[in-house]
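A.B. asks: Just passing along the structure, written as structure tokens.
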Amino acid sequence: MITGHFAAALALKSYDKSIPLWVLFLGSQLVDIFFMLLLLLGIEHLRIVPDINASNDLDLYYYPFTHSLLITPLWMLGFIGLYFLAKKFSPHKYLAPHKINKSIVVILGLVVASHWLFDLFTHTPDLPLIGDSYKVGFGLWNYPLLSIALEALFIAIGSWLYLRSSNTNTRKKIISVFLLGILLIIPPAINPLLPTPKSHQEVALSGLLMYAIFTLAAYIVDRIK
């Protein structure tokens, strides 16, 4: 899955308004962000194989430190810990709620855990359960229209839940969330049409740029009243 992960952030924001949406956006893509960084460092790996599936040309053959199911709880705890530290040391009230409670802990953990579950739908069997072994995936990337439709459905539901929880949905707010949803669906919609990447560095840098753009967009949308 590409941007459908952000749907979890939109949906979970509806359960606690004190958590900034951009923080949840980072959490939903946390393991992919670190995957891109580890790719650049040569610790995790992918191969560029044209037509390996119908949606992209990436053979994600080794990423046990970010995408193993067994290690997911560590990423959850790490993200929760980082948020606690940010709350403690940041003077910015928008970043830090006045009080951290069990609800916030659960939401932060769930937004990170959702990544592996969402990937399970679209990935071919390359998601490891333990270390680099026992790989699974339902393989919707081999059916681009179904894969795109699933991401669009997730984004639509997440956007609806986000808006439903808002106390005051102004016209400006509704339009901004709608435009964010359109923006989010563009990458999975055009991904099967893109040329084959030239290197894993290109994959990593373009991925990091995309996550930065969407996180900034989430910050802007969340600030609109």
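All of the numbers you see were taken from the coordinates with simple rules; none came from a lab. Fair warning: this is a prediction, and the values are worked out from it, not measured in the lab. Using ideal geometry, Cβ is built from the backbone for each residue, glycine included, and neighbour counts are taken over all protein chains shown.
A.B. asks: Take peptides 9-17, 211-219 and line them up by average Cβ neighbours within 10 Å, highest first, as a rough protection proxy. Before the final figure, lay out each step's value.
C.D. replies: Details: 9-17: 20.8, 211-219: 17.6.
The most tightly packed comes first, giving 9-17, 211-219.
A.B. asks: Taking a quarter of the surface of the Cα convex hull of the chain, what do you get in nm²?
C.D. replies: Values: hull surface 47.5 nm².
Over all viewing directions, the chain projects a mean Cα-hull area of 11.9 nm².
A.B. asks: Let me ask another. Of 101, 191, 56, which is the most mobile in a GNM of the chain whose springs link Cα atoms less than 10 angstrom apart?
C.D. replies: 101
A.B. asks: Working out 0.36 nm times the residue gap between residue 14 and residue 175, then minus their Cα-Cα distance, what length gain in nm do you get to one decimal?
C.D. replies: Numbers: separation 161, 0.36 × 161 = 57.96 nm, distance 1.77 nm.
Contour length minus the Cα-Cα distance gives 56.2 nm.
A.B. asks: Any idea what the dipole of the chain comes to, in debye rounded to 20, about its Cα centre with Lys/Arg Cβ at +1 and Asp/Glu Cβ at -1?
C.D. replies: Working: 16 positive and 12 negative charges, 295 e Å.
Magnitude of the dipole: close to 1420 debye.
A.B. asks: Once the piece of chain linking residue 103 and residue 37 is laid out straight, how much longer is it, given 0.36 nm per residue of separation minus the C-alpha distance between them? Intermediate values should be presented prior to the final figure.
C.D. replies: On the way: separation 66, 0.36 × 66 = 23.76 nm, distance 3.01 nm.
Gain on extension, residue 103 to residue 37, equals 20.8 nm.
A.B. asks: Regarding the range 129-225, what are the three Cα extents along the principal axes, ordered largest first, in Å?
C.D. replies: That works out to 47, 29, 27 Å along the principal axes.
A.B. asks: Continuing with this model, one more query. Suppose each label sits 7 Å from its Cα in the direction of the beta carbon; what would the residue 209-residue 224 distance come out to in nanometres?
C.D. replies: Going by the 7 Å Cα→Cβ label model, 2.4 nm.
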